[in-house]
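I have placed the structure first, in the form of structure tokens, so that the comments after it can refer back to it.
The values are calculated or read from the model by the stated rules, or taken from the named source; none is laboratory data. Quick caveat, the model's predicted, so the values are computed rather than measured. Neighbour counts are summed over all protein chains in view; Cβ atoms, including those assigned to glycine, are modelled from backbone coordinates with ideal geometry.
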Amino acid sequence: MSILDGILKNIGGAPDDVVNLAKQVGLDPAMAEKAIAALGHTHQMDGDTVTLAAEKTGISPDILSQIVSAIGGEGSLTHFASMIDRDGDGNPVNDIMGMAKGLFGGGKS
């Protein structure tokens with residue numbers, strides 16, 4: 001999760017890392033990471049960001065709204081999504097999964 005932690009540290013007012021964000025909203029850190037990725041992805045889609053992310057993850061819209069607020073609002077999602085969408089395809093989830101595989105030795109770096 002160190003990549004997401006680094007991104008969170010660069011967003012003013014956001015918790016310093018995923019673990020702290022997860023504690024703040026009452027989620028397991030892995031679920032918080034999944035929520036952040038879904039919010040970053042759905043923010044770029046037509047429709048309500050939180051509603052779409054809730055549909056994708058099964059996480060409560062109330063919790064997702066808390067995450068959006070904790071990381072600085074909708075504007076921060078745009079910044080966040082662009083930072084983690086390494087291949088520019090509009091889907092940061094595949095990039096996060098690729099980063100995670102690299103961190104845990106499951107993929108080629």
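Structure data summary
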item	result
Of all residues making up segment 33-73, the number that are touching a Lys or Arg at 6+ places or on another chain (Cβ under 9 Å), among the hydrophobic types (A, V, I, L, M, F, W, C) and in a helix (DSSP H, G or I)	1
Selected residue (criterion: farthest from T78 (Cα to Cα)) from residues of segment 1-29 that are at pLDDT 85 or above and either among the aliphatic types (A, V, I, L, M) or crowded, with 19+ Cβ neighbours inside 10 Å (or both)	L27
